[in-house]
Amino acid sequence: MCLIPGYIIYLTCVIVFSDVLCVTVVQSQNGWGVTYTSTQICAVKGSSVEIRCTYTYPPRINNETIEVQKRLWFTKLQQDVPVDLKTDPNYDARVEYYFFRNNSTLRITDLRESDSAQYKFRFETNYRSGRYTGSPGVTLLVTDAPIRHSVSVTLSGEIVEGSSVTLTCSSDAKPAANYTWYKEDDQKPLSKDSQLIFSSIQSSDAGEYYCTAVNDLGTKRTGHNIIIVNYAPKLPSVSVSPFAEIVEGSSVTLTCSSDANPAANYTWYKNNDRKPLSESFQLGFSSIQSSDSGVYYCKARNKLGMKTSRNKLLDVKFINGQANSLCLYLLFQMLQTL
């Protein structure tokens, strides 16, 4: 099941005896790249495995904003086209993808010896040639050996900021195990209980968590389990480029940005006009005129709510440096309403 903000998540990670060659491999070219955390993984038949990577790409090319449109894992090609594991009948109902920022995790459950292969991650963008595959990938070897102990983590429910979330760690260890929860690579324990409880989860709690189970016979640790917190847009900020005096005929760009999950959609307005000027995060003027002077603001919206930015006054000046009388009038009108 793909980890998509706003949907119910069921996450179970099982620790097995396996040999992992922990070598970071970077495959990159001109800002495009895929970094794998392991090159070889040995896992036990019937268990689960996670293969992770981080991908990078240029934020802009030729003034075009680059956005990722497709992400997938594959082991084979069909007519030179990668076959998404989600559509491969050999992996039916056994494959899950998790995405967090620029990180991707492939999880395969109920491993079979036929799953032994080289796994590669690929992402595609809106740029005409913006496709990248991390090669040579990660080699997985599945062996037929018994599983003696396991530790699992279960997380369920839609995660929205302010809601209650509980992570539960369990184990079939004998004698019974003691549990400890951690976040990402922080060695400071968050909880020394089988459950990690967030009574009112916040966006800052998003991240990767894991637990350890300890008894007299040893220690087991889960893989990293991803929490994605959905939240309404925060107060949008408005910036003006270039950051200098605005004169007639110059190129000016207004940019609206807001922290939100899912990502926000933006709409631009001028003065008290309810008709949108633009439905993009940027509002551009290739040759700004004095008539463009005024008060601008943007709205950021997602399925959880909407937030309006503070007003931004654009004062377009004549080339001779005299202030536009219209701008002064608008500024006066704003002050009158305060």
Open item on the list: Greater than 19 Å separation of Cα atoms is the criterion. Which listed pairs, 234/299; 120/220; 270/303; 86/120; 188/234; 275/299, meet it?
Closed with: 120/220; 270/303; 188/234
TODO: Show 286, 280 ordered by accessible area, largest first, where the area counts protein heavy atoms only and the probe is 1.4 Å.
DONE: 286, 280
- [ ] Can you bin the range 169-313 into rounded, prolate or oblate? Criterion: square roots of the alpha carbon gyration tensor eigenvalues sorted a ≥ b ≥ c, rounded for a/c under 1.5, prolate for a/b above b/c, oblate for the rest.
- [x] prolate
Task: Which of 309, 164, 257 is most accessible, then next, and so on - probe 1.4 Å - done: 164, 257, 309
Task: Exposure ranking of 292, 259, 92 by accessible area [1.4 Å probe, largest first] - done: 92, 259, 292
Open item on the list: Can you give me the solvent accessible area of residue 253 with a 1.4 Å probe, rounded to the nearest 10 Å²?
Closed with: 40
Task: FRET efficiency for residue 240 and residue 70, using Cβ-Cβ distance with R0 set to 35 Å, rounded to 0.05 - done: 0.55
Task: Fraction of accessible area attributable to carbon and sulfur, the range 186-260 (%, probe 1.4 Å) - done: 50
- [ ] Could you work out how far apart the two model spin labels at residue 247 and residue 110 are, taking each label as a point 7 Å from the Cα in the direction of the beta carbon, and quote it in nm?
- [x] 7.2
Open item on the list: Expected output is a single nm value to one decimal: the length gained when fully extending between residue 102 and residue 186, i.e. 0.36 nm times separation in residues minus the C-alpha distance. What is it?
Closed with: 28.2 nm
Task: Loop sites in the range 197-276: trypsin sites (Lys or Arg not before Pro), DSSP, at most 10 other Cβ within 10 Å - done: 274
Open item on the list: Explain nothing, just the number: relative contact order of the range 162-227, from Cα pairs under 8 Å at least 6 residues apart, as a whole percent.
Closed with: 35
Task: Distance in nm between pseudo-label sites at residue 124 and residue 313 (7 Å out along the Cβ direction from Cα) - done: 5.0
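The values are calculated or read from the model by the stated rules, or taken from the named source; none is laboratory data. Being a predicted model, the structure only gives us computed values, none of them experimental. Glycine also receives a Cβ, built like all others from the backbone with ideal geometry; neighbour counts cover every protein chain displayed. Note: accessible area is taken over every heavy atom of the protein model, side chains too, but ligands, DNA and RNA are not part of it. Shrake-Rupley method; radii C 1.70, N 1.55, O 1.52, S 1.80 Å.
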